[in-house]
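All remarks here apply to the structure that follows.
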Amino acid sequence: MEIKTILCVDDEINVLRALKRLLRKEPIRLLTANSGAEALEIMEHNEVHLVMSDYRMPGMTGTELLSEVSTRFPDTVQVVLSGFADAASIVDAINQGHIFRFLAKPWNDEELKANLKSCLEQHELIVRNRHLTEELAQRNAELKSLSDRQQRLIEERTRSLQMAQEIVQCIPMPIVGVNCDGLIALANVEADRLLNFPVGTEITRVFPIGLAEAVQRTLDDPNNGREVSKAEFDFEPYIAMVVPLRQGLENRGSLVLLESCPCVV
């Protein structure tokens, strides 16, 4: 378990000696300073968990010191140990957030030790909350980075899909996409012009029976490979190539390409 460090600040040497006698058997490291300036110098070279300062000191008052500690060492718990005559000013400093607790002089030994223990527990809470806040901020940053990467990937895929759709639309031959349920999922301009059907129509209502059966075979077993079939639309003969669509082992439907072939009887 980490030994906590308490810095006692008082311009009266007798007060510091009394605190050393009182706390010498406690499981803490005790440092002392006779002024605010000396206290800040000590804190520059030592990790201090709790500062307990007298209020009335020449040069720098206790509240001025603890205000500076709050700014420069925000994890350190700040306590004032002073007479009741200074209570009103100290309460104002507490309300401003510079002081965690006010302990009165003269003190009761057991009450003082209990209060210091409570203040050190407060330091543990401060450090734990800061660590949790930093961890949360780090996780939020990681989530944002992941979200940004996913967004860029979505945008790239969207652009690729849009380009693919534009290419399909520009091809000067009818092209029809059929999903795994045997429904028309895609048709380019030439296919719309030739067949005139809405997306979602069953292939048996769009294609002649021979072509519909060829498409269904590729849907049932895409490992069969491509099929070529003859078809007639508006009394005009076409050669139809049925291409199974796969992503790895997953069947994604079929693509039907129609090529006009006036020489076919």
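State the number of residues belonging to segment 170-189 that are open to solvent by 30 Å² or more (accessible area, probe 1.4 Å) and free of Cβ contacts under 8 Å to residues at least 60 places away in the same chain.
Number satisfying all stated conditions: 7.
Would you confirm, using the coordinates I've provided, whether PHE84 is open to solvent by 40 Å² or more (accessible area, probe 1.4 Å), modelled with pLDDT under 85 and out of contact with any Ser or Thr (no Cβ under 9 Å at 6 or more places or on another chain)?
Yes: the conditions hold for PHE84.
Of all residues in segment 35-79, which are among the hydroxyl-bearing types (Ser, Thr, Tyr) and either more than 25 Å from TRP107 (Cα to Cα) or at pLDDT 90 or above (or both)?
Of everything in segment 35-79, those that are among the hydroxyl-bearing types (Ser, Thr, Tyr) and either more than 25 Å from TRP107 (Cα to Cα) or at pLDDT 90 or above (or both) turn out to be SER35, SER53, THR71, THR76.
Run down ILE167, ILE126 and say which single residue is in contact with an Asp or Glu (Cβ under 6 Å, 6 or more places away or on another chain) and either modelled with pLDDT under 90 or open to solvent by less than 90 Å² (accessible area, probe 1.4 Å) (or both).
ILE126
Quick check on LEU22: is it in a helix (DSSP H, G or I) and crowded, with 21+ Cβ neighbours inside 10 Å?
Spelling it out, it is not the case that LEU22 is in a helix (DSSP H, G or I) and crowded, with 21+ Cβ neighbours inside 10 Å.
Please count how many residues of segment 36-80 are touching a residue at least 40 places away in the same chain (Cβ under 8 Å), out of contact with any Ser or Thr (no Cβ under 9 Å at 6 or more places or on another chain) and surrounded by 17 or more Cβ atoms within 10 Å (Cβ to Cβ).
So the count comes out to 2.
Somewhere in segment 88-101, is a residue under 25 Å from GLY36 (Cβ atoms), polar (S, T, N, Q), open to solvent by 80 Å² or more (accessible area, probe 1.4 Å) and at pLDDT below 90?
yes
Return yes when ASN129 is of a type in the set (S, T, N, Q), under 33 Å from the mean Cα position of the chain (by Cα) and within 29 Å of LEU23 (Cα to Cα) and no when it is not.
So ASN129 fits the description; yes.
If we keep just the residues of segment 196-213 that are open to solvent by less than 30 Å² (accessible area, probe 1.4 Å) and not polar (S, T, N, Q), which is nearest to VAL178 (Cα to Cα)?
ILE203
Given the criterion part of a helix (DSSP H, G or I) and open to solvent by less than 60 Å² (accessible area, probe 1.4 Å), identify the matching residue among LEU16, LEU31.
Step by step, each of LEU16, LEU31 is checked, and only LEU16 is part of a helix (DSSP H, G or I) and open to solvent by less than 60 Å² (accessible area, probe 1.4 Å).
Name the residue that is most open to solvent (accessible area, probe 1.4 Å), counting only residues in segment 221-261 that are charged (D, E, K, R) and over 16 Å from LEU194 (Cα atoms).
Looking at residues that are charged (D, E, K, R) and over 16 Å from LEU194 (Cα atoms), I get ARG226.
The values are calculated or read from the model by the stated rules, or taken from the named source; none is laboratory data. Everything quoted here is computed from the prediction, not taken from an experiment. Cβ: placed from backbone, ideal geometry, glycine included. Neighbour counts: every protein chain shown. Each accessible area value is taken on the protein alone, full model and side chains, heavy atoms only, with ligands, DNA and RNA left out. Shrake-Rupley method; radii C 1.70, N 1.55, O 1.52, S 1.80 Å.
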